[in-house]
Amino acid sequence: MSDILQKILAVKAEEVAAARKHRDLPSVRAEAEANRHDSTLGPRGFAQALRDKIGARRAAVIAEVKKASPSKGVLRPDFKPAEIAGSYAEHGAACLSVLTDEQFFQGHADYLREARAACALPALRKDFMVDLYQVYEARSWGADCILLIVSALDQGLMAELEACAHELGMDVLVEVHDGHELERALRLSTPLVGVNNRNLRTFETTLDTTLGLLKHMPDDRIVVTESGILKPDDVHKMRAADVNAFLVGEAFMRADDPGAELARLFA
(Lines give C-alpha, C1' and ligand atoms only; values in the text may rest on other atoms or scores of the structure.)
Protein backbone atom coordinates (compact mmCIF):
# COMPACT_ATOMS: atom_id res chain seq x y z
CA MET A 1 0.00 0.00 0.00
CA SER A 2 1.36 3.43 -0.92
CA ASP A 3 2.17 6.06 1.70
CA ILE A 4 -0.49 8.44 0.35
CA LEU A 5 -3.13 5.69 0.45
CA GLN A 6 -2.19 4.78 4.03
CA LYS A 7 -2.51 8.43 5.01
CA ILE A 8 -5.89 8.76 3.30
CA LEU A 9 -7.24 5.61 4.96
CA ALA A 10 -6.15 6.81 8.40
CA VAL A 11 -8.02 10.07 7.82
CA LYS A 12 -11.09 8.14 6.61
CA ALA A 13 -11.22 6.16 9.86
CA GLU A 14 -11.12 9.43 11.80
CA GLU A 15 -13.84 10.94 9.59
CA VAL A 16 -16.16 7.99 10.10
CA ALA A 17 -15.67 8.13 13.87
CA ALA A 18 -16.50 11.85 13.86
CA ALA A 19 -19.52 11.35 11.58
CA ARG A 20 -20.94 8.66 13.87
CA LYS A 21 -20.87 11.10 16.78
CA HIS A 22 -22.72 13.70 14.73
CA ARG A 23 -25.27 11.23 13.32
CA ASP A 24 -25.55 7.64 14.49
CA LEU A 25 -25.66 4.61 12.21
CA PRO A 26 -29.37 3.78 12.74
CA SER A 27 -30.33 7.29 11.58
CA VAL A 28 -28.17 7.12 8.46
CA ARG A 29 -29.34 3.59 7.68
CA ALA A 30 -33.00 4.58 8.03
CA GLU A 31 -32.56 7.45 5.56
CA ALA A 32 -30.64 5.24 3.14
CA GLU A 33 -33.35 2.59 3.20
CA ALA A 34 -36.11 5.19 2.81
CA ASN A 35 -34.33 6.77 -0.16
CA ARG A 36 -34.31 3.45 -1.97
CA HIS A 37 -38.02 3.89 -2.69
CA ASP A 38 -37.98 7.66 -3.25
CA SER A 39 -39.03 8.77 -6.75
CA THR A 40 -36.15 11.26 -6.96
CA LEU A 41 -33.42 9.65 -4.87
CA GLY A 42 -34.08 5.99 -5.68
CA PRO A 43 -31.24 4.08 -7.42
CA ARG A 44 -30.96 4.84 -11.14
CA GLY A 45 -29.09 1.74 -12.27
CA PHE A 46 -25.39 2.54 -12.69
CA ALA A 47 -24.29 -0.78 -14.19
CA GLN A 48 -27.32 -0.88 -16.48
CA ALA A 49 -26.51 2.60 -17.82
CA LEU A 50 -23.07 1.30 -18.83
CA ARG A 51 -24.57 -1.83 -20.40
CA ASP A 52 -27.03 0.27 -22.39
CA LYS A 53 -24.24 2.36 -23.95
CA ILE A 54 -22.09 -0.68 -24.69
CA GLY A 55 -25.09 -2.51 -26.16
CA ALA A 56 -25.60 0.44 -28.51
CA ARG A 57 -21.92 0.09 -29.55
CA ARG A 58 -21.01 3.39 -27.96
CA ALA A 59 -18.37 4.27 -25.38
CA ALA A 60 -19.79 4.12 -21.85
CA VAL A 61 -18.27 7.18 -20.18
CA ILE A 62 -18.28 7.69 -16.42
CA ALA A 63 -17.61 11.43 -16.35
CA GLU A 64 -15.96 12.75 -13.24
CA VAL A 65 -16.89 15.82 -11.21
CA LYS A 66 -13.62 16.60 -9.45
CA LYS A 67 -12.20 19.90 -8.25
CA ALA A 68 -8.70 18.76 -7.26
CA SER A 69 -6.40 15.80 -6.66
CA PRO A 70 -3.38 15.19 -4.39
CA SER A 71 -1.06 14.67 -7.36
CA LYS A 72 -2.27 17.49 -9.65
CA GLY A 73 -3.62 20.10 -7.22
CA VAL A 74 -6.65 22.20 -8.18
CA LEU A 75 -7.94 21.16 -11.60
CA ARG A 76 -10.90 23.50 -11.83
CA PRO A 77 -10.95 26.70 -9.73
CA ASP A 78 -14.39 27.70 -11.09
CA PHE A 79 -16.10 24.54 -9.86
CA LYS A 80 -19.87 24.26 -10.39
CA PRO A 81 -21.00 20.64 -9.99
CA ALA A 82 -24.55 21.10 -11.30
CA GLU A 83 -23.38 22.86 -14.47
CA ILE A 84 -20.69 20.25 -15.07
CA ALA A 85 -23.15 17.37 -14.62
CA GLY A 86 -25.68 18.97 -16.94
CA SER A 87 -23.02 19.42 -19.60
CA TYR A 88 -21.95 15.79 -19.28
CA ALA A 89 -25.53 14.58 -19.64
CA GLU A 90 -26.09 16.77 -22.69
CA HIS A 91 -23.00 15.38 -24.41
CA GLY A 92 -23.60 11.68 -23.93
CA ALA A 93 -22.09 10.55 -20.62
CA ALA A 94 -23.44 7.27 -19.26
CA CYS A 95 -22.85 8.04 -15.57
CA LEU A 96 -21.27 10.52 -13.18
CA SER A 97 -18.42 10.04 -10.72
CA VAL A 98 -18.45 12.66 -7.96
CA LEU A 99 -15.62 13.11 -5.47
CA THR A 100 -16.86 13.41 -1.89
CA ASP A 101 -13.47 13.30 -0.14
CA GLU A 102 -12.85 16.73 1.37
CA GLN A 103 -9.28 16.70 2.67
CA PHE A 104 -7.42 15.29 -0.33
CA PHE A 105 -9.69 15.99 -3.33
CA GLN A 106 -11.62 19.05 -2.12
CA GLY A 107 -14.86 17.14 -2.66
CA HIS A 108 -18.10 17.29 -0.66
CA ALA A 109 -21.35 15.41 -0.15
CA ASP A 110 -23.21 18.45 -1.48
CA TYR A 111 -21.38 18.13 -4.81
CA LEU A 112 -22.86 14.65 -5.22
CA ARG A 113 -26.33 15.88 -4.35
CA GLU A 114 -26.07 18.89 -6.70
CA ALA A 115 -24.61 16.97 -9.63
CA ARG A 116 -27.16 14.17 -9.41
CA ALA A 117 -30.08 16.59 -9.06
CA ALA A 118 -28.99 18.46 -12.20
CA CYS A 119 -29.51 15.51 -14.57
CA ALA A 120 -30.90 11.99 -14.89
CA LEU A 121 -27.55 10.18 -14.83
CA PRO A 122 -26.64 7.63 -12.15
CA ALA A 123 -23.83 8.78 -9.86
CA LEU A 124 -20.87 7.06 -8.23
CA ARG A 125 -19.75 8.24 -4.82
CA LYS A 126 -16.00 8.47 -5.49
CA ASP A 127 -14.34 8.12 -2.11
CA PHE A 128 -12.28 5.73 -0.02
CA MET A 129 -14.75 3.33 1.55
CA VAL A 130 -13.56 1.69 4.77
CA ASP A 131 -16.73 1.27 6.84
CA LEU A 132 -20.38 0.23 6.45
CA TYR A 133 -21.35 3.67 7.73
CA GLN A 134 -20.05 5.21 4.48
CA VAL A 135 -22.17 2.86 2.36
CA TYR A 136 -25.37 3.90 4.13
CA GLU A 137 -24.18 7.50 3.98
CA ALA A 138 -23.66 7.23 0.21
CA ARG A 139 -27.20 5.97 -0.37
CA SER A 140 -28.63 8.61 1.98
CA TRP A 141 -27.01 11.25 -0.26
CA GLY A 142 -28.46 9.64 -3.40
CA ALA A 143 -25.46 7.69 -4.69
CA ASP A 144 -26.23 4.91 -7.18
CA CYS A 145 -22.85 3.20 -6.93
CA ILE A 146 -19.86 3.04 -4.59
CA LEU A 147 -16.16 2.45 -5.24
CA LEU A 148 -14.24 -0.32 -3.48
CA ILE A 149 -10.44 -0.14 -3.84
CA VAL A 150 -8.96 -3.61 -3.45
CA SER A 151 -5.59 -2.38 -2.18
CA ALA A 152 -7.33 -0.52 0.65
CA LEU A 153 -9.50 -3.36 1.98
CA ASP A 154 -9.21 -6.89 3.31
CA GLN A 155 -11.36 -9.52 1.61
CA GLY A 156 -13.92 -9.90 4.38
CA LEU A 157 -14.64 -6.18 4.70
CA MET A 158 -14.74 -5.75 0.93
CA ALA A 159 -17.39 -8.47 0.63
CA GLU A 160 -19.37 -6.96 3.51
CA LEU A 161 -19.37 -3.50 1.91
CA GLU A 162 -20.44 -4.96 -1.43
CA ALA A 163 -23.31 -6.90 0.13
CA CYS A 164 -24.54 -3.81 1.96
CA ALA A 165 -24.45 -1.71 -1.22
CA HIS A 166 -26.38 -4.34 -3.17
CA GLU A 167 -28.99 -4.63 -0.41
CA LEU A 168 -29.57 -0.88 -0.76
CA GLY A 169 -29.98 -1.15 -4.54
CA MET A 170 -26.59 0.33 -5.38
CA ASP A 171 -24.00 -1.01 -7.79
CA VAL A 172 -20.34 -1.51 -6.91
CA LEU A 173 -17.26 -0.58 -8.94
CA VAL A 174 -14.28 -2.56 -7.64
CA GLU A 175 -10.89 -1.05 -8.49
CA VAL A 176 -7.67 -2.96 -9.16
CA HIS A 177 -4.17 -2.19 -10.41
CA ASP A 178 -2.49 -5.59 -10.83
CA GLY A 179 -3.13 -9.30 -11.24
CA HIS A 180 -3.22 -10.13 -7.53
CA GLU A 181 -5.79 -7.41 -6.89
CA LEU A 182 -7.84 -8.61 -9.87
CA GLU A 183 -7.91 -12.14 -8.49
CA ARG A 184 -9.33 -10.77 -5.23
CA ALA A 185 -11.83 -8.54 -7.05
CA LEU A 186 -13.18 -11.48 -9.02
CA ARG A 187 -14.27 -13.15 -5.77
CA LEU A 188 -16.93 -10.45 -5.51
CA SER A 189 -20.19 -10.67 -7.45
CA THR A 190 -20.13 -7.19 -8.99
CA PRO A 191 -19.78 -7.12 -12.78
CA LEU A 192 -17.97 -3.75 -12.71
CA VAL A 193 -14.17 -3.98 -12.54
CA GLY A 194 -12.22 -0.74 -12.78
CA VAL A 195 -8.55 -0.88 -13.74
CA ASN A 196 -6.61 2.10 -12.44
CA ASN A 197 -3.84 2.84 -14.92
CA ARG A 198 -2.11 5.07 -12.35
CA ASN A 199 0.35 3.48 -9.96
CA LEU A 200 -0.52 4.92 -6.53
CA ARG A 201 3.06 4.45 -5.35
CA THR A 202 4.82 6.28 -8.21
CA PHE A 203 1.85 8.13 -9.81
CA GLU A 204 3.09 6.90 -13.20
CA THR A 205 0.27 6.18 -15.65
CA THR A 206 0.20 3.68 -18.50
CA LEU A 207 -2.74 2.23 -20.43
CA ASP A 208 -0.80 -1.03 -20.64
CA THR A 209 -2.07 -1.72 -17.11
CA THR A 210 -5.59 -2.24 -18.46
CA LEU A 211 -4.42 -4.08 -21.57
CA GLY A 212 -2.25 -6.45 -19.54
CA LEU A 213 -5.11 -7.54 -17.29
CA LEU A 214 -7.65 -8.20 -20.05
CA LYS A 215 -6.52 -11.79 -20.60
CA HIS A 216 -7.43 -12.56 -16.99
CA MET A 217 -10.87 -10.92 -17.16
CA PRO A 218 -13.97 -13.14 -17.37
CA ASP A 219 -16.46 -12.38 -20.14
CA ASP A 220 -19.21 -11.51 -17.66
CA ARG A 221 -17.32 -8.50 -16.29
CA ILE A 222 -17.47 -4.93 -17.59
CA VAL A 223 -13.96 -3.49 -17.66
CA VAL A 224 -13.76 0.21 -16.80
CA THR A 225 -10.41 1.76 -17.68
CA GLU A 226 -9.49 4.56 -15.25
CA SER A 227 -6.86 7.33 -15.52
CA GLY A 228 -4.71 8.26 -18.49
CA ILE A 229 -7.45 8.75 -21.08
CA LEU A 230 -6.37 12.15 -22.39
CA LYS A 231 -6.67 12.07 -26.20
CA PRO A 232 -8.74 10.34 -28.93
CA ASP A 233 -5.87 7.92 -29.64
CA ASP A 234 -6.16 6.64 -26.06
CA VAL A 235 -9.85 5.94 -26.61
CA HIS A 236 -9.19 4.19 -29.94
CA LYS A 237 -6.48 2.04 -28.34
CA MET A 238 -8.87 0.86 -25.64
CA ARG A 239 -11.84 0.26 -27.92
CA ALA A 240 -9.67 -1.71 -30.34
CA ALA A 241 -9.03 -4.05 -27.39
CA ASP A 242 -12.80 -4.22 -26.70
CA VAL A 243 -12.61 -2.00 -23.62
CA ASN A 244 -15.70 0.16 -23.91
CA ALA A 245 -16.19 1.72 -20.47
CA PHE A 246 -14.10 4.69 -19.33
CA LEU A 247 -13.77 6.75 -16.16
CA VAL A 248 -12.36 10.16 -17.12
CA GLY A 249 -11.81 13.19 -14.94
CA GLU A 250 -8.73 15.32 -15.49
CA ALA A 251 -9.14 15.77 -19.26
CA PHE A 252 -12.69 17.08 -18.75
CA MET A 253 -12.00 19.19 -15.68
CA ARG A 254 -9.23 21.15 -17.40
CA ALA A 255 -11.45 21.96 -20.41
CA ASP A 256 -13.52 25.16 -20.71
CA ASP A 257 -16.63 23.04 -21.37
CA PRO A 258 -16.30 19.56 -19.83
CA GLY A 259 -19.20 18.10 -21.80
CA ALA A 260 -17.93 19.42 -25.12
CA GLU A 261 -14.53 17.89 -24.32
CA LEU A 262 -16.27 14.57 -23.66
CA ALA A 263 -17.92 14.75 -27.07
CA ARG A 264 -14.60 15.62 -28.74
CA LEU A 265 -12.62 12.91 -26.98
CA PHE A 266 -15.16 10.18 -27.73
CA ALA A 267 -16.28 11.33 -31.21
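The values are calculated or read from the model by the stated rules, or taken from the named source; none is laboratory data. Not measured: the values here are computed from a predicted model. In this analysis, Cβ positions are derived from the backbone assuming ideal geometry, glycine residues included, and neighbour counts consider all displayed protein chains.
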Just checking, does segment 214-230 include any residue being in contact with a Pro (Cβ under 9 Å, 6 or more places away or on another chain) and surrounded by 14 or more Cβ atoms within 10 Å (Cβ to Cβ)? yes
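Against the definition (at pLDDT 95 or above, of a type in the set (K, R) and either within 21 Å of the chain's Cα centre (by Cα) or assigned to a helix (DSSP H, G or I) (or both)), how does R57 come out, yes or no? Before the answer, list the steps.
Details: at pLDDT 95 or above: yes; of a type in the set (K, R): yes; either within 21 Å of the chain's Cα centre (by Cα) or assigned to a helix (DSSP H, G or I) (or both): no.
Here the answer is no, as R57 does not meet what is asked.
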Filtering segment 256-267 down to residues that are at pLDDT 95 or above and of a type in the set (A, V, I, L, M), which residue is farthest from H91 (Cα to Cα)? L265
With the requirement that a residue be within 12 Å of P43 (Cα to Cα), assigned to a helix (DSSP H, G or I), out of contact with any helix residue (DSSP H, G or I) (no Cβ under 7 Å at 6 or more places or on another chain) and not acidic (D, E), what does segment 163-172 give you? H166
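Scan segment 60-83 for residues that are part of a loop (DSSP other than H, G, I, E, B), touching a residue at least 60 places away in the same chain (Cβ under 8 Å) and surrounded by 13 or more Cβ atoms within 10 Å (Cβ to Cβ) and jot them down.
Listed by number, the residues that qualify are K66, K67, P70, K72, L75, R76.
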Just give me the residues in segment 97-120 being crowded, with 20+ Cβ neighbours inside 10 Å, touching a Lys or Arg at 6+ places or on another chain (Cβ under 7 Å) and either β-branched (V, I, T) or farther than 15 Å from K12 by Cβ (or both), in sequence order. S97, V98, T100, L112
Being in contact with a helix residue (DSSP H, G or I) (Cβ under 8 Å, 6 or more places away or on another chain), among the aliphatic types (A, V, I, L, M) and touching a residue at least 60 places away in the same chain (Cβ under 8 Å) narrows I229, I222 down to just I222
What single numbered condition from (1) part of a loop (DSSP other than H, G, I, E, B); (2) in contact with a strand residue (DSSP E or B) (Cβ under 9 Å, 6 or more places away or on another chain); (3) under 27 Å from R23 (Cβ atoms); (4) not aromatic (F, W, Y) fails to hold for A115? (1)
Out of (1) modelled with pLDDT under 95; (2) in a loop (DSSP other than H, G, I, E, B); (3) within 27 Å of V223 (Cβ to Cβ), the one D38 does not meet is (3)
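Only one residue in E160, E175, E183 is crowded, with 17+ Cβ neighbours inside 10 Å and not in a loop (DSSP other than H, G, I, E, B). Which one? Don't jump to the end; show me each part of the working.
Details: E160 fails: crowded, with 17+ Cβ neighbours inside 10 Å; E183 fails: crowded, with 17+ Cβ neighbours inside 10 Å.
That would be E175, the only listed residue that is crowded, with 17+ Cβ neighbours inside 10 Å and not in a loop (DSSP other than H, G, I, E, B).
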